[in-house]
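So the structure is just underneath, and the comments pick up after that.
Values in this text are rule-based calculations from the coordinates and carry no lab data. Predicted model only: the values in this text are computed from it and were never measured. As a convention, Cβ positions derive from the backbone with ideal geometry for all residues, glycine included, and neighbour counts pool all protein chains shown.
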């Protein structure tokens, strides 16, 4: 069972979190404090804190996917190779197999050539 931090440490964490101090600064000021404990207590005081969106970031934006979908339907992009070439030219760092997976997610099934 996890022991609770002392009230003094909890109040220190609360005041530093409400001042929007980064975790590294808080961990320097409070001795023997691990990041897991800090985040657990910091989550109890959310006002003023901006939390990151959980989960994996999307490789392609919704607009790019819809543009690719339109180009495939209009026969401008005919193959997975053409889609991959377009994505590489528009500065997306994506592999050929990643391109095929993206196309599969849009219900366009292509074979690996």
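So here's what we get for this one:
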item: Angle in degrees between helix 62-73 and the longest Cα principal axis of the chain, rounded to the nearest 10; result: 10
item: Rounded if a/c under 1.5, otherwise prolate or oblate - the range 62-105, Cα gyration tensor axes; result: rounded
item: Potential extension, residue 3-residue 61 segment - 0.36 nm per residue separation minus Cα distance; result: 16.5 nm
item: Mean Cα-pair separation over length for the chain, i.e. relative contact order, pairs under 8 Å, 6 or more apart, %; result: 16
item: Angle in degrees between helix 7-18 and the longest Cα principal axis of the chain, rounded to the nearest 10; result: 40
item: Cα-based shape type of the chain, given that a ≥ b ≥ c are square roots of the gyration tensor eigenvalues and the cut on a/c is 1.5; result: prolate
item: Using alpha-carbon coordinates, inclination of helix 96-105 to the longest axis of the chain, degrees; result: 90
item: Residue 35-residue 75 FRET efficiency (beta carbon distance; Förster radius 41 Å; 0.05 resolution); result: 0.20
